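Enquirer: One structure, as structure tokens, below. Some questions next.
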Amino acid sequence: MKGRGIAIAALLLALLAGGYLYSRMRGLQQAAVKWDGPVPEVASENIRKEGDLTRVEMTSRIDAPIDAVFAAFEAPDKSEGRVPEIKQARVVSTSGTKKQVEFHITTLGQLQVFTVELDYDKTGNVIGIKTVEGAIDIDGKYKLSASPDGKRTLVTYTATQRNKLPLPIPQDVERSAIKEQFANLMKAIKKYLADEGKIVSSVPQPARAV
């Protein structure tokens, strides 16, 4: 009788856990809908799944000179609070060209806590990124390219990532999460640059009277 009671309790726990996971996954899928299709901060995207590996390439244009954009990447803590989704961005350590940064970011309505290592190559205008601690293994880079007039910058993000969570994530949810995180980072950088007066106005200035 006792064994039967334990079995029933175990079954109830399993059902509750399954219901919670189903509810959470359904919530993630519903939150992912708004990131399906074009996103203003993402100029182009190519996200594809290869087994358990996801390959990512996305671009975004920032209307500021390349040196200013690189400097913004060098101050990751300044992204904190500049968009509601970035709850915390704390530099944990600095060593040479590298910084370890702890982020608390809301993605698809879920709080994600992870630490990454950023590696700055000023000569090549490249910022490397690798996961130190977190549920997703990321290995990638942000490559900055100046416009011909030097007033604007194209940010090209390329990376591979693996999910370390015990359950697989649906492709549409994973794609939406990747786009949301990239878009929010670009928004935060643009807001920081705007506060610093580095953003170039896209509105043509009227000609001066002679």
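Just so it is clear, none of the values below were taken in a lab; they were calculated from the coordinates. This one's a predicted model, so the numbers in the text were calculated from it and none came from an experiment. All Cβ positions, glycine included, derive from the backbone under ideal geometry; neighbour counts span all protein chains shown.
Enquirer: How would 201, 60 line up from fewest to most surrounding beta-carbon atoms within 10 angstrom?
Expert: Lowest count first: 201, 60.
Enquirer: Then there is this: Test of understanding: what is the full-extension gain from residue 126 to residue 53, defined as 0.36 nm times their sequence separation minus their Cα-Cα distance?
Expert: Contour length minus Cα-Cα distance gives 24.0 nm.
Enquirer: Fewest to most neighbouring Cβ within 10 Å: what's the order for 53, 185, 167?
Expert: By the 10 Å Cβ count, ascending: 167, 53, 185.
Enquirer: What is the sum of charges around residue 83, taking Lys and Arg as +1, Asp and Glu as -1, for the other residues whose C-beta is under 9 Å from the C-beta of residue 83?
Expert: Value of the local net charge: +2.
Enquirer: Right, next: For the stretch 40-97, what is the charge dipole size about the Cα centre, in debye to the nearest 20, if Lys and Arg each add +1 at the Cβ and Asp and Glu each add -1 at the Cβ?
Expert: 140 debye
Enquirer: So which of 141/190; 49/198; 99/190; 122/164; 143/198 end up more than 28 Å apart, counting from Cα to Cα?
Expert: 49/198; 122/164
Enquirer: Now, a different point. Taking a cut-off of 24 Å, what percent of all Cα-Cα pairs in the stretch 46-161 are separated by more than that?
Expert: The calculated P(r) of the stretch 46-161 puts 27 percent of pairs beyond 24 Å.
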